[in-house]
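Down below is the structure, laid out as structure tokens.
The values are calculated or read from the model by the stated rules, or taken from the named source; none is laboratory data. Keep in mind it's a predicted model, so treat the numbers as computed, not measured. Using ideal geometry, Cβ is built from the backbone for each residue, glycine included, and neighbour counts are taken over all protein chains shown. These area figures cover heavy atoms from the full protein model, side chains too; ligands, DNA and RNA do not enter into them. Shrake-Rupley method; radii C 1.70, N 1.55, O 1.52, S 1.80 Å.
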Amino acid sequence: MLALSHYNSSASPLLPRLVNDSGGKVEVMVAVEGLLQQRNFTFVEPTTSGIIAVILSMTLGIISNIVALFILVNAYSLQRRRSKATFLLFATSLVITDFIGHAIPGALVLRLYLSGGVSPEDFDSSDGMCQFLGGSMVFFGLCPLFMGCAMAAERCLGVTKPLLHSSLVTKTRTKICLAVIWLLALSMALLPCFQLGSYTYQEPGTWCFINVLSDTKEVDVAFVVLFSGLGLMSLAVALVCNTISGLTLVLARLRRQPGSHHSAKSHDIEMVVQLVGIMVASCICWSPLLIFGLMSVIRSYTGTIGDDLLNYKTLMVMGVRLAAWNQILDPWVYILLRRTVLGKIYLIAKCQAGLRGAILGRWEPTSYPSSEKNEVNQV
């Protein structure tokens, strides 16, 4: 249900009265600006369908992450190859972070939905809950992006420089890397506590995020630029590393001698395929919010957002809803893109290709002599 609040300037009794005052021009301008702001204001109340969507999203995300976590923990306990164990340690940490990042902010958003959301006049008065929710979204948003970047870099080193990888990458250093990632994301989320940016309620009053649309200051612009810049840079580094890893594995496959077996390469292929899946999911889910937030804060700070304010509010809501799906899609990468599943898909595709080849073979010229061959035989 949409609750629209607006005034019609032509029907308002304020303008005729203000025109007759001694300071008419100034007061008319102030009144017109206020009326235009009220006229452009739109508040969308949380609906029952929104509550159902939040509950279904939380349920699906929690179940998906639990299943993926069970698979990864079981694979980690049975793994003997150090490179694979390091990858599984990264992947398990990512799934745990996604699980917590889906449960905590989701519960807070659900609470706001059930309470009817925050009224528009209280959007700027961020309370403790808004600060915590906004910080959680920044922290649990950056962590998967940083981890995906670190995993891609680790696999790129393992594929291109295996000897250097074996000497540099250890479980202890992997745990230190994870701690640094969590600490960096936490530092970013706590910047508003030091007056370096701010969190505020976002329309329709059921979630909090960095202030990008109203009364933006230099610190808000810097905060959004830093947040979006780090996120987009992580995606770009992951893209480059995964591309290098993929090309290296393809070239190694083409150069392989017939009859030779490289069991290690199958593990590398599995890990790179999973990393590509993570990267694609992160790009699709997070790029819109990172880009929309950057565009919104720049236009809001420069005062050029104008009549597009409502459109940018809609884009931000769409962006955050899409970003929430990243924590649902990540676990399915490990569920569906495992080596056993990929092997079955390969066998099915191979059988289908063989079946089509057998059908086409029945119609080969060697099976049915052509009229030209009959003529030659007759001669």
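Annotations for the structure displayed:
- Additional length obtainable on full extension of the chain from ILE298 to ILE104, 0.36 nm per residue less Cα span: 66.9 nm
- Accessible area ranking (1.4 Å probe, heavy atoms, ligands and nucleic acids excluded), largest first, for ARG155, ARG338, ARG173: ARG173, ARG338, ARG155.
- Förster radius 45 Å - calculated FRET efficiency between ASP307 and MET129, Cβ distance, rounded to 0.05: 0.90
- Separation of alpha-carbon centers, segment 269-327 and segment 82-107, rounded to whole Å: 21
- Treating r as the C-beta distance of ARG173 and THR243 and R0 as 25 Å, the FRET efficiency rounds to 0.50.
- Segment LEU196-ILE284, length gained on full extension (0.36 nm per residue, minus Cα span): 28.8 nm
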